[in-house]
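Enquirer: Take a look at the following structure, please.
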Amino acid sequence: MAALLGAAGPSVAAAPGASGLGDTYFPLAGNGGYHVKHYDLTLRYDTDARHLDGTAVLTARATHELSSFDLDLQGLTVTGVTVDRESADVRRSGQELVVTPRRALDKDQEFQVRVDYNGTPQPLIDQDGSQDGWIHTDDGAFVAGQPQGSMTWFPANNHPLDKSSYDFTITVPEGRTAVANGVLLGQNTADGRTTFRWRQSEPMAAYLATASVGKFEVERYTTGDGIQVYNAVDPREAKASASVLKKLPSVLEWESKLFGPYPYRAAGSIVDHAPHVGYALESQSRPVYDSAPDLATFVHEIAHQWFGDSVAITSWKDIWLNEGFASYAEWLYDEQHGGDTAQEIFDELYASPEDDDLWDIPPGDPGSGDNLFEDPVYDRGAMTLHELRKAVGDHAFFRILRAWPTQHRDGHGTTEEFVRLAEKESGKDLKSLFHTWLYTKGKPGASL
């Protein structure tokens with residue numbers, strides 16, 4: 001698509017936005033030069049043909065004078081792009097959709113870009129061999145975007161650094177349910193199709209967006225704290241998941257006491273029947289599970305609503321801030337509900353021999369995208385927190401655990417910021433502890 005002849009060219013001062021945000025592991029993830037304030041996604045999905053028609057309207061703010069900017073979009077056919085309702089020039093470059101508006105965008109200018117697109121979404125094969133993005137199932141789609149898969153179904157500034165609000169309008173064949181993030185605003189059926197409208201008001205990273213589709217049994221209720229719960233369960237998983245899903249209000253209450261008030265107006269679960277997927281994901285406000293979750297997984301994904309969702313990382317190398325914290329939440333839940341103590345869980349892991357995989361990768365910098373979801377990130381990340389707990393005592397530790405998501409609510413955090421918080425709250429120098437447990441290969445000493 002070419003710009004109209006005679007269109008004004010960009011000013012001399014304007015410059016293209018960067019094709020990535022400089023992430024060490026995913027250099028092309030996200031885009032420079034603008035911040036997306038809001039996504040309005042209108043999707044129509046044919047489950048038989050596996051065909052998606054989409055319109056994405058992004059409301060954004062330029063962070064410097066822009067002659068062009070990129071969006072992340074993998075595959076799919078783009079049929080039209082406008083910027084502030086004027087036709088824009090567009091070209092594809094790998095995962096980058098390069099958009100050149102008819103006139104340069106001023107610094108701090110708010111603008112809207114509309115992208116019309118269609119095709120059969122294909123999941124990404126991640127560096128660790130797993131799939132993410134729009135993953136086809138026998139009755140719809142399991143949609144889970146960590147770390148990069150969101151760009152398989154909508155154009156995005158696809159990095160945790162850029163958080164936005166979302167509206168979803170999703171039309172699917174009658175008899176199917178489309179489940180996204182946040183609050184269900186309404187649904188209606190006409191001419192053999194049902195349209196669902198969802199709104200995620202609180203800021204969300206693109207990888208946490210979902211639009212999962214299937215033949216689901218739906219349960220809706222409001223907790224005593226006013227949280228709107230929406231559970232969507234594949235009938236094949238309903239019996240196996242029922243006892244765990246019933247614990248949602250009590251798990252939310254327990255975690256809120258530890259970590260501070262629940263960050264969102266909505267909660268719930270999407271329990272799909274997708275045995276080829278092999279994982280669950282903490283989609284914001286409504287985790288998605290590939291099968292009936294056990295209680296430990298359930299506690300883990302809900303803990304992510306604080307650690308990873310509300311408080312996002314700024315770089316994928318810091319993923320221990322998500323996974324180590326959610327894993328330690330599992331330990332604490334066991335400890336406080338009649339199971340093993342956190343110390344007993346720590347001791348069992350620490351008994352692993354020195355050549356065990358647990359000690360191969362430092363969780364504070366796993367080395368590459370290949371290793372984001374390896375055991376050390378989860379288990380040794382949790383062990384780091386337990387070492388912190390032993391070093392500062394329970395009173396200071398639980399104060400730190402609550403202060404972190406409270407002070408960074410709806411924002412971001414780094415490992416360096418967490419270390420500073422822990423030192424401030426405890427009055428101790430903890431740099432050696434964190435260096436040993438987060439950044440040193442091999443089995444650390446038992447006490448520091």
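The values are calculated or read from the model by the stated rules, or taken from the named source; none is laboratory data. What you see is a predicted model, and the numbers here were worked out from it, not measured in a lab. Cβ: placed from backbone, ideal geometry, glycine included. Neighbour counts: every protein chain shown. Areas reflect the complete protein model, heavy atoms only, side chains present, ligands, DNA and RNA absent. Shrake-Rupley method; radii C 1.70, N 1.55, O 1.52, S 1.80 Å.
Enquirer: About its Cα centre, how strong a charge dipole does the stretch 247-288 have in debye, to the nearest 20, once Lys and Arg get +1 and Asp and Glu get -1 at the Cβ?
Expert: So the magnitude is around 120 debye.
Enquirer: Can I ask one more? Given a 1.4 Å probe and every protein chain left where it sits, what share in percent of the accessible area of the chain is carbon and sulfur?
Expert: The nonpolar share, carbon plus sulfur, comes to 47 percent.
Enquirer: Here's a follow-up. Mind checking the full-extension length gain between Arg409 and Tyr221? Use 0.36 nm per residue of separation minus the Cα-Cα distance, one decimal, nm. Don't skip to the end; give the middle numbers.
Expert: Working: separation 188, 0.36 × 188 = 67.68 nm, distance 2.53 nm.
Gain on extension, Arg409 to Tyr221, equals 65.2 nm.
Enquirer: Something else: Once the dipole of the stretch 286-373 is set up with Lys and Arg at +1 and Asp and Glu at -1 on Cβ about the Cα centre, which of Leu349, Trp306, Ile361 lies farthest towards its positive end?
Expert: Sorting the options by dipole projection puts first Trp306.
Enquirer: Let me ask another. For Arg399, project a label point 7 Å along Cα to C-beta. Then give me every residue of the stretch 418-445 with its amide nitrogen under 19 Å of that point.
Expert: 418-431
Enquirer: Separate question: Not counting ligands, DNA or RNA, and with a 1.4 Å probe, what is Glu86's accessible surface area in Å² rounded to the nearest 10?
Expert: Only protein atoms counted, so the area is about 60 Å².
Enquirer: Scan [x] 165; [y] 143; [z] 125 for the value of volume of the Cα convex hull per residue in Å³ calculated from this model and give just the label.
Expert: Recomputing volume of the Cα convex hull per residue in Å³ here picks out [y].
Enquirer: Can you give the extra length, in nm with one decimal, that the chain gains between Thr79 and Ser201 once fully stretched, where that is 0.36 nm per residue apart less the Cα-Cα distance?
Expert: Result for the pair: 41.1 nm of gain on full extension.
Enquirer: Using only Cα atoms, locate the centre of the stretch 97-141 and the centre of the stretch 142-178, then give the distance between them in Å, rounded to an integer.
Expert: A separation of 9 Å, based on Cα centres.
Enquirer: While we're here: Helix-derived [θ] at 222 nm for the chain: sum -39500 (n - 2.57) over DSSP H runs of at least 4, divide by residue count, nearest 500?
Expert: Working: 9 runs with 102 residues, N = 448.
One gets -7000 deg cm²/dmol as the mean residue ellipticity at 222 nm.
Enquirer: Report the charge-dipole magnitude of the stretch 168-314 in Debye, nearest 20, computed about the Cα centre from +1 at each Lys and Arg Cβ and -1 at each Asp and Glu Cβ.
Expert: Taking the Cα centre of the stretch 168-314 as origin, the dipole is about 300 debye.
Enquirer: What do you reckon, how do Tyr221, Tyr264 stack up by accessible area (1.4 Å probe), largest on top?
Expert: In descending accessible area the options line up as Tyr221, Tyr264.
Enquirer: To the nearest 10 Å², what's Arg409's accessible area with a 1.4 Å probe?
Expert: Arg409 has an accessible surface of roughly 100 Å² with all protein chains in place.
Enquirer: With r defined as the distance between the Cβ atoms of Ala18 and Thr59 and R0 fixed at 25 Å, what FRET efficiency is calculated, to the nearest 0.05?
Expert: On the way: r = 20 Å, r/R0 = 0.81.
After rounding to 0.05, the efficiency reads 0.80.
Enquirer: Which Cα, out of Tyr207, Val244, Ala56, lies furthest along the positive dipole direction of the chain (beta carbon charges, K/R +1, D/E -1)?
Expert: Ala56
Enquirer: Tell me, in nm to one decimal, what length is gained between Asp108 and Asp48 on full extension, where the rule is 0.36 nm per residue of separation less the Cα-Cα distance?
Expert: On the way: separation 60, 0.36 × 60 = 21.60 nm, distance 4.39 nm.
This chain segment gains 17.2 nm when fully extended.
Enquirer: Keeping every protein chain present and rolling a 1.4 Å probe, give me the accessible area per residue for the stretch 1-143 in Å².
Expert: Per-residue value: 44 Å².
Enquirer: Any idea which of Phe111, Ser150, Pro123 is furthest toward the positive side of the dipole for the stretch 86-158, if Lys and Arg beta-carbons carry +1 and Asp and Glu beta-carbons -1?
Expert: So the residue furthest toward the plus end is Phe111.
Enquirer: Over the heavy atoms of His273, what accessible area does a 1.4 Å probe trace out, to the nearest 10 Å²?
Expert: For His273, solvent-accessible area is about 50 Å².
Enquirer: Treat each spin label as a single point 7 Å out from the Cα along the C-beta direction, and report the Ser352 to Glu416 distance in nm.
Expert: 2.9
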